[in-house]
Every structure is written in C-alpha cells, then in structure tokens.
Amino acid sequence: MRLVHRTQGATLIVSLLFVMLLLAIIMAVTAQITLSTRRSSADQEQILRARYSAESGLSVVQARLRTMSALIGQASVPANTTDTQMANLILNLCPAGASMPAPGSLETEVCALGGNLNSADASANPRVNLFRTAVSGTTFHDAGFPTSDAGSQSRFWSELFSGQGGATYSGSAENPYQVQFGLNAQRVTREGSRYRLYFTVPPLTATGEAGGATQRLGARPTGDQYHLLVSRGSFARYALFTNHHYMSAADEASTRNISFTSRTLLSGPVHTNQTFTFTGTPYFGGQVTSAGCPAGYIAQGATSCGAAAKPGATFGSTFRTLTDEAAPSFDGVTPHFAAGTPPVWNADFIPMPANSNDQQGAAQSGGLALTGTVDALSLSRIQVDGAERQQIEWTQGAVTTRLSYGEDRRLYLWNGSDWTPAVKDPATGAYVAGGMPAEFNGVIHVEGQIANLNGGPNAEQPAPTGASVASFAGITVAASGDIAITSNLTYTDPPCTGDNAPGTPAPCDNLNARNILGVYSSAGNVELVSPRSCPTSTCTSLGNDPRIHAVLMASEGSVRVRGYDQGAPLGSVHLLGGIIENYYGGFGTFGGDRAVSGYDRNFVYDQRTYDGYAPPSFPTAVGWKVSLAAQGGVNLTDGIRWQGESVSVRQ
C-alpha cells in the first residue's frame, strides 16, 4: 500500500511540471507574437514614410510644371521686338549651325533639338534666351522664387528642358527622396510668323526612403506631345473681336450699348478694346478680355486708347468697376465664364491693322492680285480626273477667268475646253497658259470691292458636292473695299459639326482638318446679303439659315447683314469661325427673345485657330504672343497633368 501512495505523488508532480512547461511555451509564443507585431508595425511605418517621401518627389516635379505653365501664361514679349530679333531668339534654341527657313504657309522644320536645351553653363545659357525675354524677373518673383536674377531664370529653364535624364531633385534628411526629370525638347518649326517648340514629357519615377524601406512611385503624363507657340497672334484666333463695342459712331456718341444676353453663346476668345455690357446669363466658353477704353477715345488707326482705361463692365444698366473678379454678378445679371480662364478687365489695347498691304504683297508674289471692282468671285471644290481640286473663278466686266489647283498647289488655267498649266506673266502679273505650273500661296487680293463672293453653282448642296473650300486648301480673300457674301461658303472637311445648344458648344473633334478660309476687308465692310435688302423681288443673296465657314474681318467697318432690319426673320447665320470688326455689325433685330427681322446668330468657334492655325497671310496683331498647348491645339490652362502608373517596394 505504501508503494501505491508513492506512485500517485510522483504522477501529481509530473502533471504540475507539464502544466508549467505549457505555460512557459504559451508565454514564449505570446512574447514572440508581440515582438513580431511591434516589428511589423515599425516596418509598415517605414514603408508608409518611404511612400510619402516618394510622393513628395512627384509633387516637386508637378509643382515645377505647374510653375512653368503659370509663367508662360504670364509671358509678355516686349512690344518693340522685331521679326529679326524674334527669329534670332528662335535660332538660339537650336544647336550651332542652324539657319532660319523663309516664311511660308506650310510648317517647316528649323532644327532638331536632340532632347534638351543644354549648354556648358546653365546660369548663362543662350539657348533659353527666348524664355528669359518673354518671362520677366518680376513675373518670376511674383511666382514665389526667392531669387529672380538672370542666372536663376536661366538655370530654371535649362533644368526644365534638360532631357529625360535631366536635373536631379532630392529631399532633406527628414524627408529623403530622389527624382530625375527634364522635358525632352524635340524640334523647332516655322509657319509664317508662327514658331513652335515641340517637346514631350517623359515618364517619371520617384524614389523615397525611410529606415530600411524604399518605395518607388511611377507616373506618366496624360498627353503625348506638347508645344510652345510663339506667334504674332493672328486675329483669326478670336471668336469675336471688336475695336468699338457699338454698332456705329453715332451709337457710340449716344452710348447706345451692345448687350450680351442669355441668347449669347461664344465658345472661343472674346475681346473688345472698350467694355462689355451684360444682361441675363450670357455664356462664354473661352477667355473674355476687355481693354476698358472709354467711348469716344479710339481714333481711326489708333494704336492705343486716347484716355485712361476704365476697367469693368456694364451689368444691366449700371457700369461696375472691376479689377480681378473672376465671376462677377450684379442685379441678377450672371455671365457664365469658362472654368480656368477668368476674364481680364484691364487687358492690353490691341490695334487693328491699318491696311491690307501685307495681303496685297503676298498676292502679288505668289497669289492672285486684282485691281478694280470684281463683279463675282466664286470658290468651289471640283474634281478633275477623279482628283480633288480647288477652283477659283472671277468675273470683271465681261471677262471670266477660271483657275484650279490640287494638293501640290500647282495652278492650271481653263482654256474653254481643258485645264492647261498656268504661269504668271511677269509684265502684267496675270496668269497665262504655258510652262511649268506656278505654285499658288492661297492669297487673293482685290484693290477695290468684291460685289459677289459666293461658293459656286452648287453652294446650296451639302459637302462635298457643295463645298467651297477643298479639304487641303487654305485661302484668304482680301479687299480694300466692301466684300458682299451672297451664298453658303463651306468646308469639305469641317473641324466642328452641328450647332451650339443652350449652354453647350458644338463638338469640334476634327482638329486635324486643313481647309480654312479667311475673308478680310481693310477699309470697307464684310456684308452678308439678305434677300430682304434686294431692291427688286430677286437678287443674288443668301437664303434662310445660311452656313458660312470662315473667319470674317473688317478692320475699319463691320461684319454685318445687309438688310438686317428689313422684313421677316430668316433663321440663323450658322458661322464656323470667328468675327473681327471695327464696329459691332448688326445681324437682326429682336423684341425680347423673339426675332423681328434679319438673322439670329449661331456661331461655332473653330478651335484650330486658338493654336495659331490661320488662313494664309491673315492679319496679325502687332505684339508677339506665347502660349502652351497640347497635341491637337488644346490650350493647357491647368498645366501638364499626371496619372499614377506603378508602385514598387523594397525593404
């Protein structure tokens, strides 16, 4: 019996030891889990800190590009910069040995850039002199740069255009990151008085570190190709431009204002050298600018306002002084302005051209120059042996002449039965048969008036049969006197389709279209002839709802409807392009929202012109303009955007 008691006691001791062993194991495992959790939390914290550091690197590059966009948006080339000086600034962008091609209507390469604008000394880099000329030290200072001397400006632009393996940006010891970035400068081109610097934005990788963790974040731009546009600022870029924002000198003397109403929908840039009047809720899809010159202080041919500017606008019947108000609203009048492009109430005064000498010179050198009244001028798309051609036909007195050209711009003359090569007679300037066909530059100038500008016998038919301008053609029709438009003038390949709807501009999805037409009167009016203006029952005139695809300009008169205040209404003028005029021309009369006579306006802005695309030798403003655009001519009001691409982690 004593042996049994001794065995039971031993069993109890073994059980207690086993329990204690289990408790020890549990405590050890728990401790290990706690330590692992703490270690994991520390690792996660390091990874998060490394990610934040990498994001800081991406933000630094984004800030640089945003700053670039803001600086270029404020660029102002000195007004006295000559064509030769600008050409030299453009050539400075190029490697040594580049030469400037002669101006022409086609875009021509000036030089290839090899990916960067580097030089031996970034603080004194002559290849970025264009940027230093256009962006002042004051603009740099206002953008937040601690120093804005010439060396700092030169380094900024040099680093920005330093190529894919360009400048290195590093963080601090507390926030360590590293990112290498530079824009890839590709090439420089010239097209008349327009220069473009093409560049691409390479993908970006930023590395951030924290403790033993490293994170790499990738991003890529939302666009493929961008360019800097330097141009004389063709007047073709405006949806609407008025020198005097009145219908006539008499209206200006009595201050009878022209009002933008809730019926107004303008989807491109709008400018006046005076001030605007708003009622209701007019819609503007492009930037609105006004110089604020008071009524009565713009002399004929003036290059500046004759009195101190009064920045502001009239809302209803009350003039309001404005400075930097982006969305002004008074007395229930609330104009809609485009997001990202606030109105400018103290814009520069932009002089109108004094004559059509430039257009006449271009016509004499490689276009069509005529003298005296042209009774009829027809533009039409035709086909010859299955190939598309542009036809130009005009009548003076009893003589009618017909020319045509294809995509190669070589001219042919109709001899009554066939097309024969046309050359220019050096003695008379007239085109005659024989020899190697002359090359046509697209400019037609009349020293006199054009009594009947029309789209040919098929103008009322839809394109391509009724098109006035062939798909490849760029044409400017200029005259020193009045120009009367008597039919539809349409493109074979329109850049925009449809009409505007209330608050919604028509879509413009065909921005690579090449056909474009400009109509310019330097000392007369551009008139759209209404049938109501005919002195007899019938005359050569527009019909109901005419379609005009062109940029129309009258630098001393106005673009208006002849007979706008006569008879019953005739629908709308469907304009694809823009209007530039000395005085605001009348199209119709209205009682409230109801048309009483003439035509209503349905104007679609040709977005290609914002990028500088313009009819050949179309009038340009005096000063040089600098802007940043994406492929297809879309203006970059918010800079270059990025989107995330990849994330990698290393511990």
Within the range 401-436, of all residues that are assigned to a strand (DSSP E or B) and either modelled with pLDDT under 95 or over 40 Å from the mean Cα position of the chain (by Cα) (or both), the one surrounded by the most Cβ atoms within 10 Å (Cβ to Cβ) is Lys424
Got at least one residue in the range 336-347 being of a type outside the set (Ser, Thr, Tyr), surrounded by 18 or more Cβ atoms within 10 Å (Cβ to Cβ) and touching a Leu at 6+ places or on another chain (Cβ under 9 Å)? yes
The range 185-240: strands (runs of 3 or more DSSP E) wholly inside it with 2 or more residues that are modelled with pLDDT of 90 or more, in contact with a strand residue (DSSP E or B) (Cβ under 6 Å, 6 or more places away or on another chain) and over 30 Å from Pro353 (Cα atoms) are 194-200
When you check Ala478 against the structure, is it out of contact with any Gly (no Cβ under 6 Å at 6 or more places or on another chain) and crowded, with 17+ Cβ neighbours inside 10 Å, yes or no?
yes
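So, in the range 437-470, how many residues would count as being part of a loop (DSSP other than H, G, I, E, B) and open to solvent by less than 30 Å² (accessible area, probe 1.4 Å)? First the steps, then the outcome.
To start, the set of residues in the range 437-470 that are part of a loop (DSSP other than H, G, I, E, B) comprises 437-438, 440-442, 448-449, 455-468, 470.
Right, trim to open to solvent by less than 30 Å² (accessible area, probe 1.4 Å) and you get 437-438, 440, 442, 448, 455-456, 459, 466-468, 470.
Final tally of qualifying residues: 12.
Residues in the range 588-609: is at least one part of a loop (DSSP other than H, G, I, E, B) and at pLDDT 90 or above? Step through it out loud before you land on a result.
Narrowing the range 588-609 to residues part of a loop (DSSP other than H, G, I, E, B): 592-593, 599, 606.
Those still in the list that are at pLDDT 90 or above too: 599, 606.
Scanning the range 588-609 turns up at least one residue that is part of a loop (DSSP other than H, G, I, E, B) and at pLDDT 90 or above.
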_Residue within the range 173-182 that is open to solvent by 10 Å² or more (accessible area, probe 1.4 Å), in a strand (DSSP E or B) and touching a residue at least 60 places away in the same chain (Cβ under 8 Å) present_ = yes
Residues in the range 591-614 that are open to solvent by 10 Å² or more (accessible area, probe 1.4 Å) and within 19 Å of Val529 (Cα to Cα) total 6
| task | Answer yes or no: is there a residue in the range 368-376 that is part of a loop (DSSP other than H, G, I, E, B) and crowded, with 20+ Cβ neighbours inside 10 Å. | result | no
Out of (1) within 27 Å of the chain's Cα centre (by Cα); (2) part of a helix (DSSP H, G or I); (3) surrounded by fewer than 17 Cβ atoms within 10 Å (Cβ to Cβ), the one Ala327 does not meet is (2)
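May I ask you to verify whether Phe315 is crowded, with 19+ Cβ neighbours inside 10 Å, among the aromatic types (Phe, Trp, Tyr) and modelled with pLDDT of 95 or more? Steps first, answer last, please.
Numbers: crowded, with 19+ Cβ neighbours inside 10 Å: yes; among the aromatic types (Phe, Trp, Tyr): yes; modelled with pLDDT of 95 or more: yes.
Spelling it out, Phe315 is indeed crowded, with 19+ Cβ neighbours inside 10 Å, among the aromatic types (Phe, Trp, Tyr) and modelled with pLDDT of 95 or more.
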The lone condition Cys539 fails out of (1) touching a Pro at 6+ places or on another chain (Cβ under 9 Å); (2) touching a residue at least 24 places away in the same chain (Cβ under 8 Å); (3) more than 27 Å from Gln359 (Cβ to Cβ) is (2)
Within the range 546-570, residues touching a residue at least 40 places away in the same chain (Cβ under 8 Å) and open to solvent by 60 Å² or more (accessible area, probe 1.4 Å) come out as Arg547, Glu556, Arg562
Flagged in the range 278-301 as of a type in the set (Ser, Thr, Tyr), more than 16 Å from Phe241 (Cβ to Cβ) and surrounded by 19 or more Cβ atoms within 10 Å (Cβ to Cβ), in numbering order, are Thr279, Tyr283
Within the range 138-148, of all residues that are closer than 25 Å to Asn184 by Cα and more than 26 Å from the chain's Cα centre (by Cα), the one modelled with the lowest pLDDT is Ser148
Sole miss for Cys539 among (1) in contact with a helix residue (DSSP H, G or I) (Cβ under 8 Å, 6 or more places away or on another chain); (2) open to solvent by less than 20 Å² (accessible area, probe 1.4 Å) is condition (2)
* Asked: Does Glu556 satisfy the condition of being part of a loop (DSSP other than H, G, I, E, B), acidic (Asp, Glu) and under 24 Å from Ala354 (Cα atoms)?
  -> yes
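Check the range 404-419 and report whether any residue there is aliphatic (A, V, I, L, M) and free of Cβ contacts under 8 Å to residues at least 24 places away in the same chain.
Start the filter on the range 404-419 by keeping residues that are aliphatic (A, V, I, L, M), which leaves 411, 413.
From what's left, free of Cβ contacts under 8 Å to residues at least 24 places away in the same chain: 413.
Yes: one or more hits.
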Scanning the range 149-169 residue by residue, the ones that are open to solvent by 60 Å² or more (accessible area, probe 1.4 Å) and at pLDDT 85 or above total 4
Worksheet item: Do we have Asp251 as open to solvent by 50 Å² or more (accessible area, probe 1.4 Å), outside any strand (DSSP E or B) and among the acidic types (Asp, Glu) here?
Response: no
Quick count over the range 50-65, residues being of a type in the set (S, T, N, Q), under 15 Å from Glu174 (Cβ atoms) and surrounded by fewer than 21 Cβ atoms within 10 Å (Cβ to Cβ), is 1
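Take the residues of the range 97-115 that are open to solvent by less than 40 Å² (accessible area, probe 1.4 Å) and in a loop (DSSP other than H, G, I, E, B): which is modelled with the lowest pLDDT? Walk me through how you get there before you give the answer.
Initial filter on the range 97-115 (open to solvent by less than 40 Å² (accessible area, probe 1.4 Å)): 98, 101, 104, 110-111, 113, 115.
Add one more test, that the residue is in a loop (DSSP other than H, G, I, E, B), and what stays is 98, 101, 104.
Details: Ala98: 92, Pro101: 89, Gly104: 70.
So the residue we want is Gly104.
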The condition of being out of contact with any Phe, Trp or Tyr (no Cβ under 9 Å at 6 or more places or on another chain), assigned to a helix (DSSP H, G or I), within 30 Å of Asp358 (Cα to Cα) and open to solvent by 40 Å² or more (accessible area, probe 1.4 Å) holds, among Thr133, Thr138, only for Thr133
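The values are calculated or read from the model by the stated rules, or taken from the named source; none is laboratory data. Bear in mind that the values here come from a model prediction, so they are computed numbers and not experimental data. No Cβ is skipped: glycine too gets one built from the backbone with ideal geometry, and neighbour counts run over all protein chains shown. Areas reflect the complete protein model, heavy atoms only, side chains present, ligands, DNA and RNA absent. Shrake-Rupley method; radii C 1.70, N 1.55, O 1.52, S 1.80 Å.
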